[in-house]
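Trainee: Below are the structure tokens for one structure; questions will follow.
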Amino acid sequence: MRHQRSSRRHILRLGAAAGGGLLAGPNAFAAEGPRRLGAPLGPYGERSPFEKAVRYTRESKTPETGSSFTPIQDSLGTITPSALHYERHHGGIPTIDPTTHRLVIHGLVGRPLSLSMDDMRRLPSVTRTLVLECGGNSAGEWVAPGADVQRSYGMVSGSEWTGVPLALLLAEVGVRPGASWVIAEGGDACRMERSVPLSKALNDSLLAYGQNGEAMRPAQGYPLRLINPGWEGNANVKWLRSLRVTEQPYMARDETSKYSDLMPDGTARIFTYEMEAKSVITFPSGGQTLPGVGLYELTGLAWSGRGQVDRVEVTLDGGQVWQRAELQAPRLPIALTRFRLAWRFDGREAIIASRAVDETGYVQPTREALIAARGTNSIYHYNGIKFWRVRADGTVTNVGA
Ligand SMILES: Nc1nc2c(c(=O)[nH]1)N[C@H]1C(S)=C(S)[C@@H](COP(=O)(O)O)O[C@H]1N2
Ligand SMILES: [Mo]
């Protein structure tokens, strides 16, 4: 497969392709007036007032229980600004004073602990860049492909998280023989609880307090949240107040009636924590319009809960020919991975899609293959290949709705 790059040929033809609009003439700076002094300095930064990208929030009669969606069509690179991280809460965003907040670690342990945030911050920490995706992201695609990438794929974000490895604290409290689960409980009104196998807790679970270089936002779980790398968003309990070491899973609401996957034969898969490889083209995507023929960057995001994205392949002809996109380096495991492909739109309809392959060799399935395996009642863990139609007039719609 040929690795297509932005070649010199593309660049040389750019001015001509854009109808001369990019050619700088002798009066290129004519509209520039005299320069005035700018605004003074400020204590906490704001983005430019010209920038308008916002989270989309579905209207709800119970606004405390809702979701908001990251504008991934406007995202650049691989880090989601904390202010645009998607949100999913089941009981509103609690206001927690970090000076009084405590994390209690108890149950089948030798020495139960109650830790303050100062205690947490004192301990050896690690930082990891990770993708976080709601298990219900793209749930609508099971039924009908969505028309807009933010609304159908925006419950995914990428952050740099800083915190204390859970393994370190489990060593401090001394896990007793027979223990095999850790039950995490949040401090919000819904009393969110999830069961985490001890093997995961000892492997890479993180008790995070930092996000993108500062304390995490209230919506993300301030002052402390559990991060389970690669696992469905729901298993990343926010506003963490208690960890109970047990012999058995808790069989909590959010791992039985919710966040379990109903299969075609009427059985349900439970504890399907891992998010499998997925990708989506964010430009061009539904609702956007290409202003004309010429050179564009086709781009999107790929990720896998199992490790690195090995490659992303893009089709421009509805899935007959696939070519490799360029992947942004470094490719971090379990992190958003941006892919890019220089693409010349020639004014003919193009049916485009991306397909991610992760380091385990897992290939993102087609929607048809996914539905053949899981039916259409699963709700969670949709990761089918997403097709967009770029029409001759440059408008972009979803395919198959
Ligand atoms: N305590 C608590 N933790 C929670 C939730 C919640 O409502 N309460 N929502 C979960 C769900 S369903 C998801 S997808 C993620 C969302 O995290 P975010 O809001 O930081 O994106 O948090 C999870 N952790
Ligand atoms: Mo979720």
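The values are calculated or read from the model by the stated rules, or taken from the named source; none is laboratory data. Nothing here was measured: the structure is a model prediction, and the numbers come from that model. All Cβ positions, even for glycine, are placed from backbone atoms using ideal geometry, and neighbour counts span all protein chains on display. The area values use the complete protein model at the heavy-atom level, side chains included, leaving out ligands, DNA and RNA. Shrake-Rupley method; radii C 1.70, N 1.55, O 1.52, S 1.80 Å.
Trainee: If R₀ is 56 angstrom, what is the calculated FRET efficiency for the pair ASN27 and ARG111, using the beta carbon separation as r and rounding to 0.05? Can you show the working numbers first?
Mentor: Numbers: r = 76 Å, r/R0 = 1.36.
So the FRET efficiency works out to roughly 0.15.
Trainee: What residues have an amide H closer than 5 Å to that of GLY187, excluding those fewer than 5 places away on the same chain, when H is modeled at 1.01 Å from N in the peptide plane?
Mentor: LEU240, ARG241
Trainee: Rounded to whole Hz and in sequence order, give me ³J(HN,Hα) for segment 96-110 from the Karplus expression 6.51 cos²θ - 1.76 cosθ + 1.60, θ = phi - 60°, writing x for Gly and Pro.
Mentor: Using θ = phi - 60°, the values come out as 10, 7, x, 6, 10, 5, 9, 10, 9, 10, 8, x, 7, 10, x Hz.
Trainee: At a 1.4 Å probe radius, carbon and sulfur cover how many percent of the accessible area of the chain?
Mentor: Details: 10380 of 19360 Å².
Carbon and sulfur together cover 54 percent of it.
Trainee: Using a simple spin-label model with points 7 Å from Cα along the Cα→Cβ vector, what separation in nm is obtained for VAL126 and ARG36?
Mentor: Taking the simple label geometry, VAL126 and ARG36 are separated by 5.3 nm.
Trainee: Which FRET efficiency value, to the nearest 0.05, is calculated for ALA189 and GLU297 with the Förster distance at 35 angstrom and r the Cβ-Cβ distance? Write out the running numbers ahead of the final one.
Mentor: Working: r = 44 Å, r/R0 = 1.25.
Once rounded, the FRET efficiency stands at 0.20.
Trainee: Related question: Report, please, the projected area of segment 315-401 averaged over directions, based on the convex hull of its C-alpha atoms, in nm². Each step should come with its number before you reach the end.
Mentor: Values: hull surface 28.5 nm².
About 7.1 nm², averaged over all directions.
Trainee: Could you work out how far apart the two model spin labels at VAL321 and THR99 are, taking each label as a point 7 Å from the Cα in the direction of the beta carbon, and quote it in nm?
Mentor: The two pseudo-label positions are separated by 6.6 nm.
Trainee: Same structure, new question: Taking a temperature of 10 °C and a viscosity of 1.306 mPa s, what whole-number D in µm²/s does Stokes-Einstein yield for the chain with Rh from Kirkwood over alpha carbon pairs? Walk me through the numbers on the way to the answer.
Mentor: On the way: Rh = 23.0 Å.
Translational D for this selection: 69 µm²/s.
Trainee: Right, something else. In Å², what does the accessible area per residue of segment 56-176 work out to with a 1.4 Å probe? Each step should come with its number before you reach the end.
Mentor: Values: 5460 Å² over 121 residues.
That works out to 45 Å² per residue.
Trainee: Next question, about the same structure. Peptides 187-195, 35-43: what's the order by average Cβ count within 10 Å, highest mean first?
Mentor: The most tightly packed comes first, giving 187-195, 35-43.
Trainee: Please compute one quarter of the surface area of the Cα convex hull for segment 152-247 and express it in square nanometres. The partial results should precede the final answer.
Mentor: Numbers: hull surface 26.1 nm².
The orientation-averaged projected area of the Cα hull of segment 152-247 comes to 6.5 nm².
Trainee: Cut-off under 16 Å on the C-alpha distance; same-chain residues fewer than 8 positions from LYS278 excluded. Which lysines are left, in chain and number order?
Mentor: Excluding near neighbours in sequence, the set is LYS386.
Trainee: While we're on this one: Mind listing the phi-derived Karplus ³J(HN,Hα) values for segment 126-135, rounded to whole Hz, using 6.51, -1.76 and 1.60 with θ = phi - 60°, and x for any glycine or proline?
Mentor: Rounded to whole hertz, the list is 10, 10, 9, 8, 9, 8, 10, 10, 5, x.
Trainee: Would you mind computing, in nm to one decimal, how far apart the modelled labels at ILE351 and SER199 are, each placed 7 Å from Cα along Cα→Cβ?
Mentor: Spacing of the two 7 Å Cα→Cβ label points: 4.1 nm.
Trainee: Now for a different question. Output wanted: per-residue J couplings in Hz (rounded whole) for segment 76-93, from phi through Karplus 6.51 cos²θ - 1.76 cosθ + 1.60, θ = phi - 60°, x for Gly and Pro.
Mentor: For segment 76-93, the Karplus-derived couplings read 10, x, 10, 9, 8, x, 3, 5, 10, 4, 4, 10, 8, 10, 10, x, x, 9 Hz, x marking Gly and Pro.
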